[in-house]
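Structure first, commentary second.
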Amino acid sequence: MAAVGTWSFSRTAVERMRCMLLDGQNATDVVETAMAEVEDDVDTGRHIVGRGGYPNFKGVVECDAAIMEGVPGRFGAVAALRGIAQPCRVARQVMEKSPHSLLVGDGAEAFAQELGFTSEPNANMLSDHSATAYREYLEKNKPVRGGHDTIGLIALDLSGNITVGVSTSGAPFKSPGRVGDSPLPGCGLYADHTVGAAAATGDGDKIMCFCPSFQVVQLMRQGSSPNEACHAVLADIQRRIGGDKCFEIGLVSLNMKGEVGAASSVGFPYTFWNQGLSSVEELVINQQKTINV
């Protein structure tokens with residue numbers, strides 16, 4: 001059993017995952033529950049996730065989320081979804097009950113409503129923090145500082161099931177309808193029950209051009225450790241774009257042995273737990289250098 005999450009703010013989610021996994025719960029339920037709690041917490045909205053996230057340039061919060069099991073063909077996602085504070089739960093239902101794999105915009109919202117989800121007014125999706133940031137953007141063209149946070153969670157359960165999920169409210173003040181890497185299989189997330197899973201975070205418009213999560217899992221399939229795979233994919237991206245600088249990208253991965261790996265082009269904290277640990281730990285990738293915290 002093991003769990004991993006992107007960024008420091010995932011610690012609470014990984015703690016929740018740890019308790020659920022030790023209780024024998026299924027990896028998909030674990031990821032969905034832990035992620036939904038983060039999405040619905042207005043205080044984590046400033047990390048560009050769910051309720052309290054930053055709106056598009058018209059002032060409307062639009063969320064993307066996806067969930068993928070290691071079993072072939074088990075994937076569901078939503079994008080540009082309005083009025084739903086826990087989009088990962090809708091993504092789960094797309095996987096379970098829709099003939100499609102990805103629903104967007106009005107279609108995603110209509111699907112959610114048909115299943116009993118309540119669409120909330122946009123004002124409920126904003127926090128004081130994100131509403132203020134939007135006003136400052138309109139009045140002063142002031143950007144949001146602090147990077148491209150997105151939550152990615154991976155869980156490996158007692159029965160050997162592995163599931164990965166991602167959720168984001170997207171780039172602050174984006175164009176309406178913009179979709180980043182997060183809900184795209186192979187880009188924001190990927191899982192294979194014979195190998196492991198990976199998730200990406202960062203500049204989604206750039207990340208989606210490289211399918212890094214798929215690449216990480218493929219390298220693990222070929223024998224690389226999770227850490228080796230993440231670093232190799234990042235190095236390949238840097239080589240391909242040339243120059244000394246790389247866009248913001250963080251990668252986390254987990255194999256079927258419960259081993260965790262990560263790599264990043266920026267300072268990147270992530271949290272993890274496996275059966276060999278008594279509590280959730282946090283590591284920081286500092287542009288290829290790892291430190292304990």
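In the chain, carbon and sulfur make up what percent of the accessible area (probe 1.4 Å)?
Accessible surface attributable to carbon and sulfur in the chain totals 47 percent.
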Dipole magnitude of segment 2-285 about its Cα centre (Cβ charges: Lys, Arg +1; Asp, Glu -1), debye to nearest 20: 600
Taking a crude spin-label model, label points 7 Å out from Cα along the C-beta direction, the residue 278 to residue 132 distance in nm is 4.1
If I take every Cα pair under 8 Å that is 6 or more residues apart in the chain, average their sequence separation and divide by the length, what percent do I get for the relative contact order? 22
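Rounded to the nearest 500, what is the chain's calculated 222 nm mean residue ellipticity when only DSSP H runs of at least 4 contribute -39500 (n - 2.57) each, over all residues?
Value at 222 nm, helices only, nearest 500: -9500 deg cm²/dmol.
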Could you check the simple spin-label distance between residue 228 and residue 145, using points 7 Å along Cα→Cβ, in nm with one decimal? 4.1
Could you work out how much longer the chain between residue 60 and residue 209 gets when fully extended? Use 0.36 nm per residue separation minus the Cα distance between them, nm to one decimal. 51.0 nm
Max mean-square fluctuation residue, GNM over the chain, Cα-Cα springs under 10 Å, options 185, 99, 212: 99
Most to least packed among 26-36, 110-120 [average Cβ atoms within 10 Å]: 26-36, 110-120
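Quick one, what does Rg over Rh come out to for segment 130-170 if you take C-alpha atoms and the Kirkwood Rh?
Rg/Rh for segment 130-170 comes to 1.31.
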Not counting ligands, DNA or RNA, and with a 1.4 Å probe, what is residue 174's accessible surface area in Å² rounded to the nearest 10? 10
Taking only Cα atoms of segment 4-93, the Rg to Rh ratio with Kirkwood Rh works out at 0.99
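What does the convex hull of the Cα atoms of segment 151-293 come to per residue, in Å³, rounded to a whole number?
Here the figure is 113 Å³ per residue.
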For segment 166-293, what is the relative contact order in percent, using Cα pairs closer than 8 Å and at least 6 residues apart in sequence? 18
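Considering only Cα-Cα distances, which of the following residue pairs are longer than 28 Å: 174/257; 142/245; 58/97; 142/206; 206/257? The partial results should precede the final answer.
Values: 174/257 39 Å; 142/245 24 Å; 58/97 32 Å; 142/206 22 Å; 206/257 31 Å.
Among 174/257; 142/245; 58/97; 142/206; 206/257, the Cα-Cα distance tops 28 Å for 174/257; 58/97; 206/257.
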Compactness summary of the chain: radius of gyration and Dmax from Cα atoms, Å, are 17.5, 54
Can you give me the accessible area per residue for segment 2-285, using a 1.4 Å probe, in Å²? 39
Calculate, for residue 122 and residue 40, the FRET efficiency according to 1/(1 + (r/R0)^6) with r their C-beta to C-beta distance and R0 22 Å; round to the nearest 0.05. 0.90
Sorted peptide list for 69-79, 271-281, 189-199, criterion being average Cβ within 10 angstrom, highest first: 189-199, 69-79, 271-281
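The values are calculated or read from the model by the stated rules, or taken from the named source; none is laboratory data. This one's a predicted model, so the numbers in the text were calculated from it and none came from an experiment. A quick note on method: Cβ atoms are made from the backbone with ideal geometry, for glycine too, and the neighbour counts reach across all protein chains shown. We work out accessible area using only protein heavy atoms, side chains counted, and drop any ligands, DNA or RNA first. Shrake-Rupley method; radii C 1.70, N 1.55, O 1.52, S 1.80 Å.
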